[in-house]
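Take a look at the structure below.
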Amino acid sequence: MILGSNGAGKSTIIKSILGLVKPSRGSILFEGEHELTALAPHQIHKLGISWVPEGRQLWGTLTVYDNLRMGGFIEADDAKISQRIGEMLERFPRLAERRDQVAGSLSGGEQQMVALARALVSGPKLILMDEPSLGLAPIVIRDVFELVKEINASGISILMVEQNVRQALKVAKWAYLLEVGRVVENGPSDEIANNESVREIFLGGRH
Amino acid sequence: MDLFLQQLINGVIIGSTYAVVAIGFALVFTVLRVINFAHPEIFMTGMFAGLLAGSHISDNFFVVLIFGAIGAGAVGLTLERFVLRPLRGRDVLMTLIGTLGVAIMLQNGMAKFMSPDPVAYPKSLQVSLLLSDDIILTSTQAVNFIVSILLLAGVSFYVRKTRYGRATRAIAERPDVAAAFGVDVNRVSQVTVALASVMAGIAAVSVGILYGSAWAFVGLFYGLKAFICMLVAGNRYFEGVILVAMMLGVIEALVTGYVSSNFRDVAAFTILICVLYFRPNGLFGSYDT
Ligand SMILES: Nc1ncnc2c1ncn2[C@@H]1O[C@H](COP(=O)(O)OP(=O)(O)OP(=O)(O)O)[C@@H](O)[C@H]1O
Ligand SMILES: [Mg+2]
């Protein structure tokens, strides 16, 4: 996971990996062989990189079902997509009830479920999650972290940005601390959790 | 009463063509974020392509329509490749000038090579249909209407039920997210411009048949009205654009019938100004840009 204060450049890192912003220098390697900075966003997605954007960014005018279909856009085989979406709707029963509603009309928690499901439909290898708990009630946040763990356990890598540092550090294996665009600390999550400055800034001091 | 009915019919028919041109504007605008000022001239090119096919190849109705589609589609694709794509992401003024330049070229080029005056369409399809003693629905009007309605139904199906059509709406609402989920924005832009152009070309041929002529400056007339329809309805819901286009056609026809054709355009602009004053995003809302 990546932690850092507002404006540290966390979302910018994610957008750079996705190809939505072009870094002025440096390179981004995926699986040690794909140079992402040379690719367009749709090509990067095809390598197996998916996204849960900050603030969800669903297509509010599309139905829940169509949001999920767009999540699987690269799969041209309709039957395969229907099957994958079927699995998602089983996993998220709340969404099954709302499948024909426009996504803009859902509650924040439901929208976050759609955002997670949308990221999963294409069967990615890596999901970039930008503050998946943003604006959610504590009980829903717990569900989201449960899901993140589950997704990760199913073999999908996750790079997560979170303001809910305490909970995120429990889920994550490795953490990076970002300050104005630079990685200033990185290490196993439990070490970072005990780091002096991290405790001070993000975990509300010692206790 | 018969005047009313007659003008209602006339209005709905012309409105259906406004709708096709307006949807073309809206499609291209929502996907490429460009007001394609050349769109009305693509319509005009289609009209002449149909005319040329009709007088030199065959006056079969479908052949003429297909050539209208091909002519307009070819111009649309060329425009996309050589003007819109290189200017993507640049200042809006650049695409504005670019498309306007192409519009002027097409218009004056056609006036020079064909004629600045209306050129007669092959007359073989023109028969009048009498609904009653007083109300006339010509077969060419019916053809124009049916062609437009089929095009509108087709594009509605496209954006709601097909993979690329959904991508069109996804780009319209959130271009970045669409790209990050595998949509090749260049490719969809190309398909969108082609689709808008082909629709315009087909509708233009049916208008050419309706009025019995093609005219190098016809784009001004339909383009302006279609543009008004898109602004009044907002670009968010195509059904809204279609509804407004039909209503504008009817209002214009009624004004022409009961007041004077001189006031027709005054009515259209008055509606535009009133709606934009109270609802700047149009009656049915627009995508954020
Ligand atoms: N490496 C960088 N070089 C130049 N500008 C940067 C860099 N990283 C971030 N910025 C700029 O800093 C601003 C904030 O960046 P970003 O949105 O990535 O922050 P964030 O860490 O996600 O903040 P938040 O916690 O508020 O979401 C943006 O305007 C971005 O363009
Ligand atoms: Mg951010």
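The values are calculated or read from the model by the stated rules, or taken from the named source; none is laboratory data. Every value quoted in this text rests on a predicted model; they were computed, and no experiment measured them. As a convention, Cβ positions derive from the backbone with ideal geometry for all residues, glycine included, and neighbour counts pool all protein chains shown. Note: accessible area is taken over every heavy atom of the protein model, side chains too, but ligands, DNA and RNA are not part of it. Shrake-Rupley method; radii C 1.70, N 1.55, O 1.52, S 1.80 Å.
At-a-glance table
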read-out	value
Candidate set: segment A:23-41, residues that are away from ligand 1 (no atom under 16 Å from the Cβ) and without any contact (Cβ under 8 Å) to a residue 12 or more places away in the chain; chosen: the one farthest from A:D130 (Cα to Cα)	A:E33
Hey, A:P93 open to solvent by 20 Å² or more (accessible area, probe 1.4 Å), modelled with pLDDT of 95 or more and away from ligand 1 (no atom under 16 Å from the Cβ) or not	no
Residue within segment B:22-39 that is in contact (Cβ under 8 Å) with a residue 24 or more places away in the chain, within 16 Å of B:F227 (Cβ to Cβ) and of a type in the set (S, T, Y) present	yes
Which numbered condition A:D100 misses (of (1) away from ligand 2 (no atom under 16 Å from the Cβ); (2) touching a residue at least 12 places away in the same chain (Cβ under 8 Å); (3) in contact with a Lys or Arg (Cβ under 9 Å, 6 or more places away or on another chain))	(3)
Some residue of segment B:196-219 being within 11 Å of chain A (Cβ to nearest Cβ) and either free of Cβ contacts under 8 Å to residues at least 40 places away in the same chain or open to solvent by less than 10 Å² (accessible area, probe 1.4 Å) (or both)	no
Pairs where the first residue, in segment A:1-22, is touching a residue at least 40 places away in the same chain (Cβ under 8 Å) and near ligand 1 (Cβ under 9 Å from one of its atoms) and the second is open to solvent by 10 Å² or more (accessible area, probe 1.4 Å) and small (G, A, S), C-beta under 6 Å, 6+ apart	A:G9/A:G181
Residue satisfying all of: in segment A:172-191; touching a residue at least 40 places away in the same chain (Cβ under 8 Å) and more than 16 Å from ligand 1 (Cβ to nearest atom); least open to solvent (accessible area, probe 1.4 Å) among these	A:S189
Test: residue in segment A:129-136 that is open to solvent by less than 50 Å² (accessible area, probe 1.4 Å), in a strand (DSSP E or B), away from every other protein chain (no Cβ under 12 Å) and in contact (Cβ under 8 Å) with a residue 60 or more places away in the chain	yes
Members of segment B:46-65 that are open to solvent by 70 Å² or more (accessible area, probe 1.4 Å) and over 16 Å from B:A214 (Cα atoms)	B:I57, B:N60, B:F62
Which listed residue is touching a strand residue (DSSP E or B) at 6+ places or on another chain (Cβ under 9 Å), of a type in the set (G, A, S) and at pLDDT 95 or above, from B:A204, B:A245	B:A204
Filter result for A:I85 (away from every other protein chain (no Cβ under 14 Å) and of a type in the set (A, V, I, L, M))	no
Count - residues of segment B:261-281 that are surrounded by fewer than 14 Cβ atoms within 10 Å (Cβ to Cβ) and among the hydrophobic types (A, V, I, L, M, F, W, C)	5
Selected residue [of a type outside the set (A, V, I, L, M, F, W, C), within 16 Å of ligand 2 (Cβ to nearest atom), free of Cβ contacts under 8 Å to residues at least 40 places away in the same chain and surrounded by 16 or more Cβ atoms within 10 Å (Cβ to Cβ)] from A:N152, A:N195, A:N164	A:N164
